[in-house]
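Asks: Please see the structure below; I have some questions.
The values are calculated or read from the model by the stated rules, or taken from the named source; none is laboratory data. Treat the numbers as computed from the prediction; the structure is a model and nothing was measured. Neighbour counts run over all protein chains shown; Cβ positions are idealised from the backbone, glycine included.
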Amino acid sequence: MDAQGLLAALTPAVTDATARERFLADPKAVLAVAGLDLPEWFTVSAREGDAAELIITVPALRDPDADLTEEQLAAVGGGGADYCWCGGADVVWCLCSGTDF
């Protein structure tokens, strides 16, 4: 989904009361219907306010010079561990690389 698709998915929530209620109740489902299929672990929330804003919460900053754990080393070395720098352990899709595990 590109920016135009996102705007098209959001427009009804701004112009139609029923669409607004649906979007506020389950924004992830509304976005999925519009073509933005997010991983199950990805949380989407919506709230009413005076301005439109998109807030993306990123994980804590990682020290690039820190020693890697055994799990991280296995993932980097192709050991098949389900690890991602952006999501931590037990991920099925990596937000930072777009990789499926």
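Asks: Would you call residue 63 farther than 18 Å from residue 5 by Cα and either among the aliphatic types (A, V, I, L, M) or not assigned by TED's automatic domain parsing to the domain that holds residue 1 (or both)?
Replies: yes
Asks: Within the range 1-58, how many residues turn out to be of a type outside the set (A, V, I, L, M, F, W, C) and not in a loop (DSSP other than H, G, I, E, B)?
Replies: We begin by selecting, within the range 1-58, every residue of a type outside the set (A, V, I, L, M, F, W, C); these are 2, 4-5, 11-12, 15-16, 18, 20-22, 26-28, 35, 37, 39-40, 43, 45, 47-50, 53, 57.
Narrowing further to those that are not in a loop (DSSP other than H, G, I, E, B): 4-5, 11-12, 15, 18, 20-22, 27-28.
Of the residues in the range 1-58, 11 are of a type outside the set (A, V, I, L, M, F, W, C) and not in a loop (DSSP other than H, G, I, E, B).
Asks: Condition first: farther than 17 Å from residue 51 by Cβ and of a type in the set (Lys, Arg). Now tell me which residues in the range 1-26 satisfy that. Lay out the reasoning, then the answer.
Replies: Our first condition is that a residue be farther than 17 Å from residue 51 by Cβ; within the range 1-26, this holds for 1-5, 8-9, 12, 16-19, 21-22, 25-26.
The answer is 22, and nothing else.
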